[in-house]
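The values are calculated or read from the model by the stated rules, or taken from the named source; none is laboratory data. Worth saying up front: this structure is predicted, and the values here are computed from it rather than measured. All Cβ positions, even for glycine, are placed from backbone atoms using ideal geometry, and neighbour counts span all protein chains on display. These accessible areas exclude ligands, DNA and RNA; they are computed on the full protein's heavy atoms, side chains included. Shrake-Rupley method; radii C 1.70, N 1.55, O 1.52, S 1.80 Å.
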Amino acid sequence: MAKTYSNYIDGKWVKSESGKTFDNINPATGEMLCRFQASTQKDVLKAVTAAEKAFAPWKNTPAPKRGEILYKAARIMEERKEELAKMLTQENGKNMDESRGEIQEGIDITLYVAGEGRRLFGETTPSELSNKFCMTIREPVGIIGMITPWNFPFAIPAWKIPPALVAGNCIVFKPSSDAPWLGARLVEILEEAGLPPGVLNMVTGSGGVVGKEIANNPKIDGLSFTGSTSTGKDIYAAGAARLAGVGLEMGGKNPQIVLKDADLDLAVDGAIWGGFGTAGQRCTATSRLIIEKAVLDKFTQKFVQRVRNIKVGNGLDKGVLTGPIINGKQKDKILAYIKIGKEEGAKLLTGGNALEEGKYGKGNFIEPTVFTNVKKTMTIAQEEIFGPVVSIMPVSDFEEAIEVANSTEYGLSASIYTNDVTKAFRAMRMLESGIVYVNAPTIGAEAHMPFGGIKNTGNGKREAGSEAIKEFTELKSIFVDYSGGLQRAQIDIGKK
Ligand code: NAP
């Protein structure tokens, strides 16, 4: 029988006071995998109370000890990698290679930030006065509310939770309602690794109820959100009303530029992987292929031929690149964008339909779809489709390629394929995005590199890498005067 997961509050697995649950559905088969609590505002309040109680002892736990719990959690993740990857494919649909990669991403970031337990560096610096000592230390923000999406149900919670924990924060976490399973498994692992009660709390349920309460609760000191730009803006406004720090990672409309001197086979490999992996449901998915006209025909022919041969299906099946769309609503949204693309005059080269016959019947599948002659003002060139739909946009030269690449409201990831080192370096500067790839697709991240975007993708924060800790700490400046007398900064400087 399918398991019903409870909320995790104050170190206990407890049912929601609503008495209601919701189903977690496999998007490839329609099968119900397990159930989760459809929680209420009251459940969030209980989680906040637990986090408040746990905060002082957790903050005062030596950071290396907090780090040790994370090392242990990473070891458990490693032992369960295959099992977790299979669950991830079942709940999200991405293929097993990608799921294994996602679990590995969770392991990598957990190991990386566990080491912060022995760093959490501040600074020491000379004072302008004699016999005075200056330093900064990092302190936890307090209680962090975390709200995450369905497309990386393990890695995104793992990018947020371990850094916040090692820094000494307590957490109220709401995973996506479309994919809460892997988030719950992560919480179980951290519990098993020895996290004290109340430090990490998970409340499942809808964004409109649970998410909204987390965003607005005055006792939650900081918010960390990954999801769509429209939800992110609401959360930013809610945080701003009480001056809470808010970290936002939002949508993308990522371009891959291919110049005439590029290795075209390599560029096609990148476009296939970037455009159709995870069925295009990545924030960094390649959605616009900006191709110099001199190689347009050659590139298009090679690319479309490869797209027609993409295996679509259940991510558990061997050889599948493109899995299902997460739910029926998202599938309808993608099909509506395809219709708009045709109506606005883009030329459909392949795909464009839902797959509903035979083995596809119970899931949500769409053919890998390619448009060409896409103009920068068209809706499909501007809005995030979040599906297996790629637009080819012909351009005359490098300058136009950059201009088209920068012509959207988003700024997450951008890629350029060229063997011209001058153009590559100019592009690195000129592309309006938080991430630039040269001769590599728009997707992919490494735990020790900062991740995030500009424009409508982010609000100036970054996750992972050297930035991972910053979102979850406050800097405190400390001055110790051991002169034995009153020394006044600015006023006494230079006086004997
Ligand atoms: P979403 O609809 O914005 O949902 C994200 C999370 O917010 C979910 O947990 C959702 O809960 C919750 N939520 C919804 N409405 C809310 C509200 N009014 N108040 C508080 N919380 C609310 O996004 P999604 O469809 O899950 O994810 C896809 C989006 O995420 C895409 O735009 C993608 O580009 C973006 N993304 C960005 C990054 C990045 O790093 N930049 C990474 C991955 C994904 P429910 O699930 O219950 O609705």
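Worth a mention:
- Distance between the 7 Å Cα→Cβ label points at Lys329 and Asn406: 3.6 nm.
- Rel. contact order, % - alpha carbon contacts under 8 angstrom, at least six apart, the chain: 18 percent
- Considering only beta bridges that DSSP places wholly inside segment 254-438, some 20 percent are antiparallel.
- Annotation note: GluC sites (Glu not before Pro) in segment 114-202 located in DSSP loop regions with a Cβ neighbour count of at most 11 within 10 Å are Glu123.
- Per residue accessible area in Å² of segment 361-409, where ligands, DNA and RNA are left out and the probe is 1.4 Å: 32 Å²
- Stretchable slack from Gln382 to Leu486, in nm (0.36 nm times residue separation minus alpha-carbon distance): 31.3 nm
- Restriction of the trypsin sites (Lys or Arg not before Pro) in segment 207-265 to DSSP coil positions whose beta-carbon has at most 13 other beta-carbons within 10 angstrom yields Arg242.
- Simple spin-label estimate for Phe425 and Asn131 in nanometres, 7 Å along Cα-Cβ: 5.3 nm
- Over segment 254-438, relative contact order from alpha-carbon pairs under 8 Å, at least 6 apart, %: 28 percent
- With at most 13 other Cβ atoms within 10 Å, longest stretch of the chain clear of loop chymotrypsin sites (Phe, Trp or Tyr not before Pro) (DSSP): 122-481
- Surface share of carbon and sulfur [accessible, 1.4 angstrom probe, percent] for the chain: 52 percent
- In the chain, taking the dipole from charged Cβ atoms about the Cα centre, the farthest positive-side position among Thr372, Leu335, Ala215 is held by Ala215.
- Taking every protein chain into account, the accessible area of segment 293-333 amounts to 56 square angstrom per residue (probe 1.4 Å).
- At R0 = 60 Å, FRET efficiency that the Cβ-Cβ distance of Asp297 and His448 yields, to 0.05: 0.90
- Distance from the alpha carbon centroid of segment 17-31 to that of segment 437-456 works out to 33 angstrom.
- Net charge dipole size for the chain [Lys, Arg +1 and Asp, Glu -1 on Cβ; Debye, nearest 20]: 700 debye
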